[in-house]
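This report refers to the structure that appears directly beneath it.
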Amino acid sequence: MSVFLILISILLFSCEESKKVKSNFTKNTFVTENERIKVNDSLPLLKDFLLLEDELLQKDLFRKIDSVSAIHYPMYKKEDIVNITPKMLGRYLYDINQLDLKDSIISYDITKKEYYHKMIHREMQKYKTSDYKNIIYVEAYPNKTFRLIINYSYTVQFGKGEEPISVESSISYSFKIINRKIEEFDIQESG
């Protein structure tokens, strides 16, 4: 009889614990409800990213973009390098600001916007290009860390009579906003 009571106690205890623990499949770890709330509380909100609407902060961001791009591409002129422009950023900030979700945690669903800017690499400019498409979104990490990502694509035709080829690339800008300054800035590209 006592073995039976012990088994029932263990079963009840494990059921109670399973309610408290949620599986986090992205990291293959288990996180308690309290820990999950702490993680979410430390993530920046959309209003934290929208600080980029400030003109001085934008200038700081674009100085960093130009500086890192010059290191990555020392042989190219600024206008030959594919990067976000002040006009693109301004339009993007305006569009996500219209959502009236400033107090929300940043997510792909909230920040994903589609545009049709002509973003092509210098060496492709001599060919016929079309079908420009850009997907811009923001990822957020603890300590007011952001990654602004642009996935861009276009179609290029290298010669008359040749089949057009679809080209896809991505560029991301990682940074923190600390005391109204851009810190820990980096650019990553693929494609």
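What helices (runs of 4 or more DSSP H) lie completely within the range 47-139 and have 2 or more residues being of a type in the set (V, I, T)?
Those helices (runs of 4 or more DSSP H) span 55-72, 108-111.
Tell me whether the range 165-187 contains one or more residues that are aromatic (F, W, Y), over 13 Å from the mean Cα position of the chain (by Cα), surrounded by 11 or more Cβ atoms within 10 Å (Cβ to Cβ) and part of a loop (DSSP other than H, G, I, E, B).
no
Hey, among I71, I96, which residue is among the β-branched types (V, I, T) and farther than 18 Å from I171 by Cα?
Sole residue among the options that is among the β-branched types (V, I, T) and farther than 18 Å from I171 by Cα: I96.
Pick out the one residue from N151, N143 that is assigned to a loop (DSSP other than H, G, I, E, B) and under 17 Å from the mean Cα position of the chain (by Cα).
The conditions single out N143.
Can you name the number of the only condition in (1) at pLDDT 50 or above; (2) more than 23 Å from I149 (Cβ to Cβ) that K19 fails?
(1)
Report the residue count in the range 65-106 for those that are surrounded by 11 or more Cβ atoms within 10 Å (Cβ to Cβ), more than 19 Å from D48 (Cβ to Cβ) and β-branched (V, I, T).
Number of matching residues: 5.
For M119, state whether it is more than 21 Å from F62 (Cα to Cα), among the hydrophobic types (A, V, I, L, M, F, W, C) and out of contact with any Cys (no Cβ under 9 Å at 6 or more places or on another chain).
no
The values are calculated or read from the model by the stated rules, or taken from the named source; none is laboratory data. Source: prediction; values computed, not measured. Cβ: placed from backbone, ideal geometry, glycine included. Neighbour counts: every protein chain shown.
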